[in-house]
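S.K.: One structure, as structure tokens, below. Some questions next.
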Amino acid sequence: MSLLKKLFGGTSVDFKTLVKEGAMIIDVRSPAEFNGGHVKGAVNIPLQAIQSSFNKIPKNKVIITCCASGMRSGSAKSLLKSAGYTVHNGGGWMSLNSKL
């Protein structure tokens, strides 16, 4: 795995430190999924509402996106990044939760 990271430029992100420094966690799953469990302190903004919610997301904070598996949070990361946000894909919320 580390060879792949070296080849493709992947970097390890210290999510715990980012959160301690004030990063905002956005869970892009549906409200029903979110209500079934989520990372403590996460804000639920479903993927389909992310662009219309830019005015609710501070540009001066690092954003961490998460979802069920990492697919929707990856899409959210792309949308946020293209709008000028500093953003990291945290992947699946349960995996992210174990890193915090």
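The values are calculated or read from the model by the stated rules, or taken from the named source; none is laboratory data. Being a predicted model, the structure only gives us computed values, none of them experimental. Using ideal geometry, Cβ is built from the backbone for each residue, glycine included, and neighbour counts are taken over all protein chains shown.
S.K.: Identify the residue in region 90-100 that is touching a helix residue (DSSP H, G or I) at 6+ places or on another chain (Cβ under 8 Å) and part of a helix (DSSP H, G or I) and, among all such residues, is farthest from Gly37 (Cα to Cα).
M.R.: In this case the residue turns out to be Lys99.
S.K.: Answer with yes or no whether Lys99 is touching a residue at least 12 places away in the same chain (Cβ under 8 Å), in contact with a Ser or Thr (Cβ under 9 Å, 6 or more places away or on another chain) and of a type in the set (Lys, Arg).
M.R.: no
S.K.: For residues that are in a helix (DSSP H, G or I), in contact with a strand residue (DSSP E or B) (Cβ under 6 Å, 6 or more places away or on another chain), under 18 Å from Ser30 (Cα atoms) and of a type outside the set (A, V, I, L, M), tally how many sit in region 45-84.
M.R.: So the count comes out to 3.
S.K.: Continuing with this model, one more query. Examine region 46-64 for a residue that is over 14 Å from Tyr85 (Cβ atoms) and in contact (Cβ under 8 Å) with a residue 40 or more places away in the chain, and state whether such a residue exists.
M.R.: no
S.K.: Can you confirm whether Gly84 is in contact with a helix residue (DSSP H, G or I) (Cβ under 7 Å, 6 or more places away or on another chain), on the phi > 0 side of the Ramachandran plot and in contact (Cβ under 8 Å) with a residue 12 or more places away in the chain?
M.R.: No; evaluated as a whole, the condition is false for this residue.
S.K.: While we're looking at this one, here's another question. Of the conditions (1) part of a helix (DSSP H, G or I); (2) under 12 Å from the mean Cα position of the chain (by Cα), Val87 satisfies every one except a single condition; which number is it?
M.R.: Only one criterion is unmet by Val87, namely (1).
S.K.: Whether any residue in region 7-23 is surrounded by 16 or more Cβ atoms within 10 Å (Cβ to Cβ), part of a strand (DSSP E or B) and at pLDDT 95 or above is what I want to check.
M.R.: no
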